Every structure is written in C-alpha cells, then in structure tokens.
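Contents: one structure, followed by commentary.
All of the numbers you see were taken from the coordinates with simple rules; none came from a lab. Fair warning: this is a prediction, and the values are worked out from it, not measured in the lab. Every residue, glycine among them, receives a Cβ derived from its backbone with ideal geometry; neighbour counts consider all protein chains shown.
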Amino acid sequence: MENSKIQRRKGVLIAGTHSGAGKTTVTLAILEALTRRGFSIQAFKAGPDYLDPTFHEIATGRPSRNLDGWMMGRENVLRSFRQNTQDVDFSVIEGVMGLYDGLRGRSEEGSSAQIAQWLSVPVILVLDAKGLARTAASVVSGCQKFDPGIQIQGVIFNRIGSKNHLEILKESVESYCKVKVLGGIPLDASMTIPERHLGLVQAKESLSEMMRKRLAEMAEANLQLDELLKMECLNHDEEEPASFKPARERFVCKIGIAKDEAFHFYYQDNFDLLEQAGAQLVFFSPLRDKQIPDVDGLYFGGGYPEVHAEVLAENLPMLQSIRWFAEEGGPVYGECGGLMYLSKGIETAEGKFFPMAGLLPGQIKMGKKLKALGYRQMISLKDNLLFRAGEKARGHEYHYSEWLEAFPDKDLVAWQAAYQVKLPALPVRNAGLGGIGGREAPHGPLNINKSRGGENENFKEEGFFSGSVLASYVHLHFASNPSAACRWVSACEAYSKRMKR
C-alpha cells in the first residue's frame with residue numbers, strides 16, 4: 001500500500017503528574033461525556049496496561065488500543081494511532097504514571113511524553129488538587145520547562161475542595177504558566193474506582209450504568225469540553241506509515257480466543273495482526289461454554305482465573321475438550337492467566353486447590369505479594385509456535401502468582417524453556433500496573449532463575465513449550481515482531497489441513 005499524506009486529527013493525551021493523580025477518572029469522564037454527545041471517540045492507553053483499555057471500551061463502544069514506545073517502537077505507534085483514528089471525531093490517549101515517567105531516569109523511553117512527542121498531540125495535565133493552591137503553578141511550570149517540546153495545552157484539577165479552591169488554582173496557573181485551566185473535578189469518594197491486585201477491578205464490575213452516567217454528568221458540569229474538542233495534533237506534514245502487512249483475501253484458519261470474566265487481557269493490535277495474517281477470530285468462554293469451538297488454534301490471554309478458579313475447575317467438558325485438542329497437535333498459546341489455566345491447577349491465596357487443564361508440568365500458587373512487574377525482552381531459545389530460535393520480541397509481565405514444580409521429573413522431560421528474558425536495567429518500580437520496568441521476583445516457569453549479566457542487566461529463562469503448546473507469564477505485543485502472528489497462523493493452517501477441516 002502506498003503512503004499518503006495524513007489527515008488532520010483531533011485529540012489529546014491526558015497525562016498526570018504522578019500515578020494516582022486522577023488520569024483514569026478524568027479520562028473516563030471525558031470519554032463518557034463525548035460519546036453521549038454523539039461523537040465517535042477512539043481511546044488509547046499509553047504504556048503496557050491492559051486493564052484501563054477495558055474501561056475505555058465500555059465507555060466508547062470501541063476497542064481501546066495500547067501505544068507503548070518500548071514494546072512497539074515509533075513506527076508501530078504511529079501506525080496504530082493513525083490507522084485507528086481515520087474514521088473518528090476525536091481521540092483520547094490516557095497516559096501512564098507521571099508525564100515523564102518511563103523505563104529509566106535519564107530517558108523518556110516508555111513514557112507518556114514520548115508518545116505525545118511522536119504523535120505531536122497536545123497534552124492535558126491532570127493535577128491532584130487536594131491540599132494544593134498556588135504551588136500548582138510551580139508544578140505545571142516545571143513540567144513545561146522540563147521538555148519545551150511537549151505541548152501542554154490545558155490543565156485539569158482533580159479532587160478540588162470548592163469553587164473558591166478552583167479559582168485560586170486557576171488564577172495561579174493561568175497567570176504564571178499561560179496555559180488554560182479546563183476545569184476541576186470535585187472531591188467525591190463515590191466516584192473512586194476500587195482497586196484489586198492487578199491495579200483496578202474488572203471494568204464491568206465497577207462501571208455500572210449509574211456510575212457511567214455520573215461520570216458523564218461530572219464532565220459536562222465541571223470541564224470545558226468544547227475547548228477540549230478544538231485541540232488537534234500539531235504536525236501534519238508526515239506521511240502515513242504503511243500497514244503492518246496487506247491482509248489476506250480470505251481466512252485460512254480459525255483461532256479461538258478465550259474471552260470472559262476470567263480471561264480478558266489482550267492487546268488489540270495482536271488481534272489485528274492475527275486477522276491480517278489470515279486468522280478468523282472466534283471468541284468463547286471457558287467459564288460458560290461446554291467445549292471449545294470448532295477452531296484450529298487456541299489463545300488464552302491474561303485475566304483473573306484465580307478469582308473464577310472454582311467455576312473453571314467445575315467445567316469439566318471444557319477442560320477435556322482443551323486436552324483433546326492439544327493431544328491432537330492443535331496449536332495452543334497461553335499468557336499469564338492463560339498459563340495458569342493450562343497448568344495442573346491453581347492454589348488460591350486462601351489455600352484451596354482447583355485442578356485446571358493440566359497441559360503444563362506444574363501448578364500455580366497465588367500470593368498476596370507482587371512476584372513480577374516490568375517490561376520483558378524475549379529471545380527465543382529454540383523454534384516454537386511463534387518464533388524461530390534467536391528471534392526477539394517484547395512484552396510485559398505482572399503477576400502475584402508463582403510456579404511450583406510439584407511433579408516428578410518425568411513430567412518435565414518433554415518440556416523446554418521457551419525464552420531467555422532480558423530484564424531492563426535501572427527499572428522504575430510502582431505498586432500499580434502502570435509501574436513499568438520492574439525487577440523480576442524470584443519465581444518463574446520451570447523455576448529456572450539463572451540470572452546472568454552485570455550490574456545493569458540480568459537474564460532468566462521463561463516459559464514452556466512442547467510440540468504445539470507454548471505458554472509464558474509474559475504478555476507479548478506482536479507488533480514487536482509481527483512474524484509471530486504469521487507463524488502462528490501458518491501453524492493453525494497446517495493443523496486445519498491435517499485435520500481436513
């Protein structure tokens with residue numbers, strides 16, 4: 001496909017001064033209000049978080065997409081943004097952590113600022129106003145001067161105490177920083193989204209219709225949405241990047257995607273790449289369906305299988321159909337929660353054990369402390385379902401569970417470690433999912449924790465593969481190596497032909 005000049009696009013990036021400033025609340029309020037006005041809105045999430053996009057999708061009715069500088073690279077970020085904003089009225093990008101927070105202290109890599117620069121998109125800075133007055137101007141001014149290339153075009157205050165409080169904040173910022181204050185969200189504990197061990201509760205559990213309506217009303221009453229809608233990307237002279245790869249004219253296989261309350265953490269671009277490679281995606285529920293659909297491959301993403309462990313374990317026909325599919329040589333891929341489901345079983349934090357699919361030689365134990373958090377660069381150790389030996393890909397790891405080798409060595413004979421994982425140097429740690437680049441906790445698949453390297457880098461072995469089954473704790477972003485999607489589709493196509501579907 002030939003490149004063409006890009007169209008003018010309207011949109012903003014909602015950034016915070018720090019995690020917890022109120023980015024998600026402000027973003028959801030804006031998404032709900034603009035969607036209810038009748039605008040078509042495309043939401044994005046800066047960084048690797050696969051939780052916030054599930055909230056965005058409920059608000060807009062469109063899949064939200066991640067824009068991650070480290071995992072995707074500049075070209076793929078531009079490609080995803082531009083391809084998915086061609087037919088919408090406005091786009092809203094929710095930032096990650098603080099505006100300039102990323103992988104390292106001396107680099108913008110992986111930060112909201114990096115995404116804003118690449119896309120030339122205006123930034124709306126969210127500040128937590130509780131206990132803050134004139135000092136707000138110094139905070140905004142510092143963000144402006146830290147990188148003058150970042151276009152901070154508006155400020156929104158969260159948790160303001162009163163109208164008088166907002167007036168003081170507005171006078172301070174607009175007089176000293178020459179940037180418009182677009183409003184303030186009142187302090188209201190009832191609008192807080194409760195947390196769970198993966199950062200936020202499942203979207204549908206917390207975003208009731210009443211909550212969504214209140215968010216929209218809050219935005220309409222307190223934010224200058226008409227001013228927001230005037231903002232657009234500043235640079236229009238670059239060319240459109242070509243698509244990842246021209247889509248096949250027809251589907252050559254079907255891949256079953258586990259998607260329900262237990263499995264719902266996926267990168268939307270992964271789905272797009274699989275479809276472009278020739279896969280028809282068929283969604284099913286391991287919780288409710290009695291068997292897998294008529295497909296040529298299975299994809300189990302992340303989620304909360306431990307929360308739904310009892311129901312998953314009781315669905316014996318589904319578990320048996322997965323085992324039969326794998327025994328026939330059907331391609332099966334699992335990530336994090338998917339790995340847990342494909343294991344022998346899950347022991348909850350309360351000590352209850354629930355048997356799972358039993359494809360992998362070990363079991364899962366849930367903990368109450370974080371076991372792993374951060375970006376991961378994967379190097380394939382040998383040919384497997386997705387990669388050739390030596391190929392690289394990038395992803396993100398975040399979990400509270402650990403792998404236990406609770407079975408005899410004979411169960412491990414057929415299995416090999418899938419990847420060598422490089423842990424980023426000098427990482428940022430954070431309690432929430434937005435904290436990226438964290439060091440690995442001392443547990444992983446196969447319990448192989450052979451760290452190597454110097455002070456600034458470590459390696460470990462990660463994941464399982466045997467025959468047509470591949471599973472890992474890492475959520476891979478296929479844009480970091482698009483050939484993975486093509487290779488998976490080829491494996492599914494070969495299986496389909498062998499089974500004469």
Directionally averaged shadow of the stretch 11-228, computed from the convex hull of its alpha-carbon atoms, nm²
11.2 nm²
What ranking do 489-496, 82-89 get when scored by the average of other Cβ atoms within 10 Å per residue, highest first?
489-496, 82-89
Under the Karplus relation 6.51 cos²θ - 1.76 cosθ + 1.60, θ = phi - 60°, what is the ordered set of whole-Hz ³J(HN,Hα) values for the stretch 323-331, x standing for Gly and Pro?
4, 4, 4, 5, 5, 7, x, x, x
Please list, in order along the stretch 207-212, the HN-Hα scalar couplings obtained from phi with the Karplus expression 6.51 cos²θ - 1.76 cosθ + 1.60 (θ = phi - 60°), rounded to whole Hz, x for Gly and Pro.
8, 5, 4, 5, 4, 4
Ranked from fewest to most other Cβ atoms within 10 Å of their own Cβ, Phe44, Phe251 fall in the order Phe251, Phe44
What's the exposure ranking of Lys460, Lys145, going from fewest to most Cβ atoms within 10 Å?
Lys145, Lys460
In order through the stretch 173-178: 3J(HN,Hα) via Karplus (6.51 cos²θ - 1.76 cosθ + 1.60), integer Hz, x for Gly, Pro:
5, 5, 7, 8, 10, 6
Averaging 1/r across every pair of distinct alpha carbons in the stretch 85-192 and inverting yields a Kirkwood hydrodynamic radius, in angstrom, of 14.9 Å
In nm, spacing of pseudo-spin labels at Arg288 and Leu370 (7 Å Cα→C-beta vector)
3.4 nm
When Leu316, Leu281, Leu273, Leu28 are ordered from fewest to most other Cβ atoms inside 10 Å of their Cβ, what list results?
Leu316, Leu281, Leu273, Leu28
